[in-house]
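Only one structure is covered here, and it is reproduced in the block below.
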Amino acid sequence: MAALVLVFPPLPRLRGLLQRCWGRLERGLLPGFSGGQSPPWGPALAVQGPAFLPEPVKDTTESNEAPSLLDSILWMAAPKKRRTIEVNRCRRRNPNKLIKVKTNIDVCPECGNLKQKHVLCGYCYAKVKAETRLIRLEMHKKEGGPFNAPTVETVVLYDGEKPTEKDEGKRIIERARKRPSWFVQN
């Protein structure tokens, strides 16, 4: 048993639909430009005027061609030849575009990791950040939130440290661990 299936390409129907729509646009827009009345429901279309509107022909040969939308397109320049791989690689691998070699690398005196000169060591900074977070948690536990904090200076004391006379009237936070070498006492 064989079945016959007919397939109609949509191109002729689509072409007819586009031609009908273009004709309606021309009938609705061009009479309004040439002095006639265009209907109030006509669509607004912004196109470069001189290339779109029909102009009187000044030369002696008569031409019945309608203006094309391609006449109003500004054509841009295009390369004549493809760039070769060698040229592309030379352009991309230009020494001015490569990453510069850093000569200002030094060893951190605290932890021994490499760091840039005059820049804080990233490893040490991570340790300081973690310790600061733990100190803030201790403050939060002691006072119950940021809005209950006293308006006095804070002193952090580690194991084996006692407050001095200068610490009178200051907020004292005690940490149950040995003081880190990078966290100096004032």
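The values are calculated or read from the model by the stated rules, or taken from the named source; none is laboratory data. These figures come from a predicted structure and were not determined experimentally. Here the Cβ is made from the backbone with ideal geometry for all residues, glycine too, and neighbour counts use every protein chain on show. Heads up: the accessible areas ignore ligands, DNA and RNA and are worked out on the full protein's heavy atoms, side chains in. Shrake-Rupley method; radii C 1.70, N 1.55, O 1.52, S 1.80 Å.
Tabulated data for the structure shown
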{"quantity": "Residue within the stretch 95-114 that is touching a Pro at 6+ places or on another chain (Cβ under 7 Å) and not polar (S, T, N, Q) present", "calculated": "no"}
{"quantity": "Criterion (open to solvent by 100 Å² or more (accessible area, probe 1.4 Å) and not polar (S, T, N, Q)) met by exactly one of Leu98, Leu134, Leu120", "calculated": "Leu120"}
{"quantity": "Residue within the stretch 82-94 that is out of contact with any Phe, Trp or Tyr (no Cβ under 9 Å at 6 or more places or on another chain), open to solvent by less than 100 Å² (accessible area, probe 1.4 Å) and not in a helix (DSSP H, G or I) present", "calculated": "yes"}
{"quantity": "Contacts under 6 angstrom Cβ, first residue in the stretch 153-179 being open to solvent by less than 80 Å² (accessible area, probe 1.4 Å), partner of a type in the set (D, E, K, R), 6 or more apart", "calculated": "Thr154/Arg171; Val155/Asp167; Val155/Lys170; Leu157/Glu174; Tyr158/Arg175; Tyr158/Arg179; Lys170/Glu153; Ile173/Glu138"}
